[in-house]
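Novice: I'd like to ask you about the structure that follows.
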Amino acid sequence: MNSTQITIPFIKKTRVRSLPVYLLFLVWPFALLTASLRNFRDPNAKRGFILFCVYFGFVFVFSRDIQGADSARYAQNLVDLHGFAPSLLTLWNSFYSFDTNLLDIYQPVTTWLVSLFTDNAHFLFAIFSFVFGYFYAQNIWIILNNISGKKSIIVWIYILLFILIIPLWYINGVRMYTAAQIFIYGVFLYLLGNNRKGLIWSSASLLFHFSFLLPVAILFLYSILPRKLPIYFLFFIVTAFIAEIDLFTIRNYLSFLPDIFQPRVIAYTNSDYAIGVNEAYKDTVWYVRYAEPALRLTIYSLLSVLVVSRSKIFSKDPLLFSLICFALFFYGWSNLAAHMPSGARFQTVANFLSVAALLLFFIKYKSSIALKLLRFISLPVILYYCIVSIRIGFDFIGLSTFIGNPFTAFLFEDKIPIIEIIKSLLG
């Protein structure tokens, strides 16, 4: 069945090839996005999706609050560097230095390069979004390329969930979440493509965020371990019930890291910092606060029923079997990391990997009665999470994302996020 026969609700049937991709990008990027998703099998579809990502970054409504969102600090850093740009040698010498404590290379180098030409943060976020979007597209199309025939609306809802776990507006925290997309791409390349270059790609995530030392170490450890599903499943279950981990003990375990990493280790395992993170979490609006735990419980249940009821199928599909094992193994470690301040972010990566494994199973194989029932019952939670994810995106998305194009974006800066427009209409 060709791509024009696949039905996605509310997207008008439009072939990507009917207009040159770049022309459609210049006229109406959002139409290019919908056409790319609607006709995902078209050879130009992925390219169209990435082009939209570039436009999205350029019209990204970043925060102006330096004490708030990370995007405000990135924008201010660009302004500072443009006013007095250091030499490349000076910048390079600042990495892994005790004076600067710079442990991530990507964001400072990209900001420095852009600062040589402009202090306009929209150009910076366009580049951030291009890099994020490139790997985001690779990961999404790994799932889409496995679709054959007509799939149920439930499968499409799970695909929407997959897309919204680490969505494009997470360029607000560009270091962490670009690293996540690159790490996941490497995992897919290694486990699903049976290509050891995936280990290299996953290791490249360290250039984006130093904390990916943990995920990379987990992947390399997994690469030398035997594929014993019961052991990984037991580890996954046990870690889900561990209530607390002593931060001082974690600090001692991490003492083997080079001295340059120790200030960050001490900061992230500091009890005062942990209290601050916990208080900030409590201040989060309730529907955002409960979305992640609800999704996590759903994924726990789905993975457990899948392993118990359909494990025999994995003997026919060693690549999917390997991804299931790694998802369980990684989720176990992310459960432990979640007891550290900011460590819960790795559970987002675990969710992405787990939903990918579940989706590939749903697409390729028949589910047991129990799994079908659970998949159906879980729909309200899945839709709830998707709605919350989109609501978060409204803090960074303006009307120009939907109705503008590169020409209007150059002429008019969109500074008002959609959520403010909605509040003004309702208020």
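Novice: Note down all Cβ pairs under 9 Å where the first residue falls in region 185-211 and is free of Cβ contacts under 8 Å to residues at least 12 places away in the same chain, the second is hydroxyl-bearing (Ser, Thr, Tyr) and surrounded by 20 or more Cβ atoms within 10 Å (Cβ to Cβ), and they're at least six residues apart or on different chains.
Specialist: Here the result reads ARG196/TYR190; LYS197/TYR190, each pair linking region 185-211 to a residue that is hydroxyl-bearing (Ser, Thr, Tyr) and surrounded by 20 or more Cβ atoms within 10 Å (Cβ to Cβ).
Novice: Continuing with this model, one more query. Kindly evaluate ALA126 against the criterion of being farther than 30 Å from ASP80 by Cα, out of contact with any Ser or Thr (no Cβ under 7 Å at 6 or more places or on another chain) and part of a helix (DSSP H, G or I). Full working, then the answer.
Specialist: Details: farther than 30 Å from ASP80 by Cα: no; out of contact with any Ser or Thr (no Cβ under 7 Å at 6 or more places or on another chain): yes; part of a helix (DSSP H, G or I): yes.
Criteria not met by ALA126.
Novice: What about ALA338, is it without any contact (Cβ under 8 Å) to a residue 12 or more places away in the chain, within 21 Å of LEU214 (Cα to Cα) and not acidic (Asp, Glu)? If you could, list the steps in order and put the result at the bottom.
Specialist: Values: without any contact (Cβ under 8 Å) to a residue 12 or more places away in the chain: yes; within 21 Å of LEU214 (Cα to Cα): yes; not acidic (Asp, Glu): yes.
Yes.
Novice: Could you say whether any residue in region 376-386 is in contact with a Pro (Cβ under 8 Å, 6 or more places away or on another chain), at pLDDT 95 or above and under 23 Å from TRP169 (Cα atoms)?
Specialist: Residues of region 376-386 that are in contact with a Pro (Cβ under 8 Å, 6 or more places away or on another chain), as a first pass: none.
No, there is no match, as no residue in region 376-386 is in contact with a Pro (Cβ under 8 Å, 6 or more places away or on another chain), at pLDDT 95 or above and under 23 Å from TRP169 (Cα atoms).
Novice: Quick one: SER148 ticks every box in (1) surrounded by fewer than 18 Cβ atoms within 10 Å (Cβ to Cβ); (2) within 9 Å of the chain's Cα centre (by Cα) bar one, so which box is it?
Specialist: (2)
Novice: If you check LEU103, LEU144, LEU124, LEU116, which single one turns out to be more than 30 Å from LEU374 (Cα to Cα) and in contact with a Phe, Trp or Tyr (Cβ under 6 Å, 6 or more places away or on another chain)? Can you show your working first?
Specialist: Working: LEU144 fails: more than 30 Å from LEU374 (Cα to Cα); LEU124 fails: in contact with a Phe, Trp or Tyr (Cβ under 6 Å, 6 or more places away or on another chain); LEU116 fails: in contact with a Phe, Trp or Tyr (Cβ under 6 Å, 6 or more places away or on another chain).
Just one listed residue meets the conditions, LEU103.
Novice: Which is in contact with a Phe, Trp or Tyr (Cβ under 6 Å, 6 or more places away or on another chain), at pLDDT 95 or above and farther than 13 Å from PHE330 by Cα, of ILE200, ILE182? First the steps, then the outcome.
Specialist: Details: ILE200 fails: in contact with a Phe, Trp or Tyr (Cβ under 6 Å, 6 or more places away or on another chain).
None of the other options fit; the residue is ILE182.
Novice: Identify, by number, the condition in (1) closer than 26 Å to ILE392 by Cα; (2) surrounded by fewer than 17 Cβ atoms within 10 Å (Cβ to Cβ); (3) within 22 Å of the chain's Cα centre (by Cα) that THR111 doesn't meet.
Specialist: Going through (1) closer than 26 Å to ILE392 by Cα; (2) surrounded by fewer than 17 Cβ atoms within 10 Å (Cβ to Cβ); (3) within 22 Å of the chain's Cα centre (by Cα) one by one, THR111 breaks only (2).
Novice: Going through region 405-419 one residue at a time, which ones are free of Cβ contacts under 8 Å to residues at least 60 places away in the same chain and either in a loop (DSSP other than H, G, I, E, B) or over 25 Å from the mean Cα position of the chain (by Cα) (or both)?
Specialist: Initially, region 405-419 is screened for residues free of Cβ contacts under 8 Å to residues at least 60 places away in the same chain, giving 408, 410-412, 418-419.
Within region 405-419, THR408, PHE410, LEU411, PHE412 meet the criteria.
Novice: Among what's in region 349-404 and is in a loop (DSSP other than H, G, I, E, B) and among the aliphatic types (A, V, I, L, M), pick the residue that is farthest from PHE56 (Cα to Cα). Explain how you work it out, then say what you get.
Specialist: Going residue by residue through region 349-404, those that are in a loop (DSSP other than H, G, I, E, B) are 365-368, 378, 394-399, 404.
Then drop every residue that is not among the aliphatic types (A, V, I, L, M), which leaves 397, 399.
Working: ILE397: 8, LEU399: 11 Å.
Filtering first and then ranking leaves LEU399.
Novice: Return the residues of region 340-372 that are within 15 Å of the chain's Cα centre (by Cα) and of a type in the set (Val, Ile, Thr); say none if nothing qualifies.
Specialist: Across region 340-372, the qualifying residues are THR348, VAL349, VAL355.
Novice: Give the residues of region 3-15 that are at pLDDT 50 or above and closer than 20 Å to LEU160 by Cβ, sorted by residue number.
Specialist: The initial filter retains those residues of region 3-15 that are at pLDDT 50 or above, namely 14-15.
Correct list: THR14 only.
Novice: Which of the following residues is over 23 Å from the mean Cα position of the chain (by Cα), surrounded by fewer than 20 Cβ atoms within 10 Å (Cβ to Cβ), more than 29 Å from GLN138 (Cα to Cα) and modelled with pLDDT of 90 or more: LEU26, LEU116?
Specialist: Values: LEU26 fails: more than 29 Å from GLN138 (Cα to Cα).
Going through LEU26, LEU116 in turn, just one is over 23 Å from the mean Cα position of the chain (by Cα), surrounded by fewer than 20 Cβ atoms within 10 Å (Cβ to Cβ), more than 29 Å from GLN138 (Cα to Cα) and modelled with pLDDT of 90 or more: LEU116.
Novice: Now for a different question. For residues that are at pLDDT 95 or above and not β-branched (Val, Ile, Thr), tally how many sit in region 130-150. Give the derivation first.
Specialist: We begin by selecting, within region 130-150, every residue at pLDDT 95 or above; these are 130-141.
Within this subset, residues satisfying the condition of being not β-branched (Val, Ile, Thr) are 130, 132-139, 141.
Here the count works out to 10.
The values are calculated or read from the model by the stated rules, or taken from the named source; none is laboratory data. The structure displayed is predicted, hence computed values, not measured ones. Neighbour counts are summed over all protein chains in view; Cβ atoms, including those assigned to glycine, are modelled from backbone coordinates with ideal geometry.
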